[in-house]
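Undergrad: Pasting a structure here, questions to come.
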């Protein structure tokens, strides 16, 4: 008995014979689409993935599901997507840490740029540099002066070695020509607790972790790392405004797939993602998650990833950080 021939198996068979059928250039993925990401359920990456899945599914008229695949800073999920068939059925909710991993890890089971089809950025957001309310340094300029007077003695927490926050701290230190001591934690909660207990001088982390503590006065913000002020803390200056000209760091979330997704399909996905990111409901829901909607062309997203890989690779080398 002859087995059932599916559209996907037919395309694979013809491709093996060197024939490029018109079906392979379909603009619409077949069947259920799975968005894979590398973080635990319930966080901002997962919530963004589920929002995109809901809105993209509605626009395409087909089911889109989310599959969290935490591990190795997101590289476990990235490797799974890189190995997937380039048929649009498996997509990757990439985070800014994807570029950080390329700078930190000596060897990954994929090429962080070339093994992916970049669809569009989804959102971006800065980090925020905070301290406890009674810290002697009342602003970023005073913190820099104190750091120069106490070379390498100020304790600055990050949620782990090799995270985007860690490299943002190292880039700040290099740009301001100071030395501080990175104190890596396994995640954010204990770092925030120790800062509140005045056992640290400062903490670099995501806006979603500390913004409410800044708003209610439990913490004080030295500045945000982005190029412009952020809606969640509009009264907090950027690092450039606060005394570090030329410094700007944002992280991001974006949608990609394995390399080789047909151009027509990638263009269709980009058009639908850009459209959903312009929906007022999506914009507001992204703000509640902690990001600003940032639709891009596929080429612009790819350029951003390449630029970040180069920036963080240089930061790691300049700071003498041992690659893993």
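The values are calculated or read from the model by the stated rules, or taken from the named source; none is laboratory data. Computed from a predicted structure; not experimentally measured. Note that each Cβ is placed from the backbone with ideal geometry, even for glycine, and that neighbours are counted across all protein chains shown.
Undergrad: For residue 187, all conditions in the list (1) touching a strand residue (DSSP E or B) at 6+ places or on another chain (Cβ under 6 Å); (2) closer than 30 Å to residue 324 by Cα; (3) surrounded by fewer than 20 Cβ atoms within 10 Å (Cβ to Cβ) hold save one; what is the number of the exception?
TA: (1)
Undergrad: Inspect segment 201-208 for any residue being outside the structural domain of residue 75 (by TED's automatic domain parsing) and assigned to a helix (DSSP H, G or I) and give the result as yes or no.
TA: Yes, there is a match, as at least one residue in segment 201-208 is outside the structural domain of residue 75 (by TED's automatic domain parsing) and assigned to a helix (DSSP H, G or I).
Undergrad: Within segment 178-191, can you find the residues that are in contact with a helix residue (DSSP H, G or I) (Cβ under 9 Å, 6 or more places away or on another chain) and without any contact (Cβ under 8 Å) to a residue 24 or more places away in the chain?
TA: 189
Undergrad: Next question, about the same structure. Here are 270, 206: which of them is touching a strand residue (DSSP E or B) at 6+ places or on another chain (Cβ under 9 Å), surrounded by 18 or more Cβ atoms within 10 Å (Cβ to Cβ) and at pLDDT below 95?
TA: Residue meeting the stated conditions: 206.
Undergrad: Here is a further query. Taking the condition under 30 Å from residue 183 (Cβ atoms) and in contact with a strand residue (DSSP E or B) (Cβ under 8 Å, 6 or more places away or on another chain), does residue 82 pass?
TA: On the way: under 30 Å from residue 183 (Cβ atoms): no; in contact with a strand residue (DSSP E or B) (Cβ under 8 Å, 6 or more places away or on another chain): yes.
Criteria not met by residue 82.
Undergrad: Now, a different point. Just checking, which of 261, 289 is modelled with pLDDT under 95 and over 30 Å from residue 176 (Cα atoms)? Steps first, answer last, please.
TA: Numbers: 261 fails: modelled with pLDDT under 95.
Of 261, 289, the one residue that is modelled with pLDDT under 95 and over 30 Å from residue 176 (Cα atoms) is 289.
Undergrad: Return yes or no: is residue 123 in contact (Cβ under 8 Å) with a residue 60 or more places away in the chain and either crowded, with 20+ Cβ neighbours inside 10 Å or over 17 Å from the mean Cα position of the chain (by Cα) (or both)?
TA: Taking the combined requirement at face value, the residue satisfies it.
Undergrad: For segment 168-189, what are the residues that are under 22 Å from the mean Cα position of the chain (by Cα), within 15 Å of residue 203 (Cβ to Cβ) and not in a loop (DSSP other than H, G, I, E, B)?
TA: 168, 169, 170, 172, 173, 182, 183, 184, 189
Undergrad: Identify the single condition in (1) in a helix (DSSP H, G or I); (2) at pLDDT below 95; (3) more than 16 Å from residue 261 (Cβ to Cβ) that residue 4 does not satisfy, given that it satisfies every other one.
TA: (1)
Undergrad: Residues being part of a loop (DSSP other than H, G, I, E, B) and out of contact with any helix residue (DSSP H, G or I) (no Cβ under 8 Å at 6 or more places or on another chain): count how many of those fall in segment 136-152.
TA: Looking only at that region, the number is 4.
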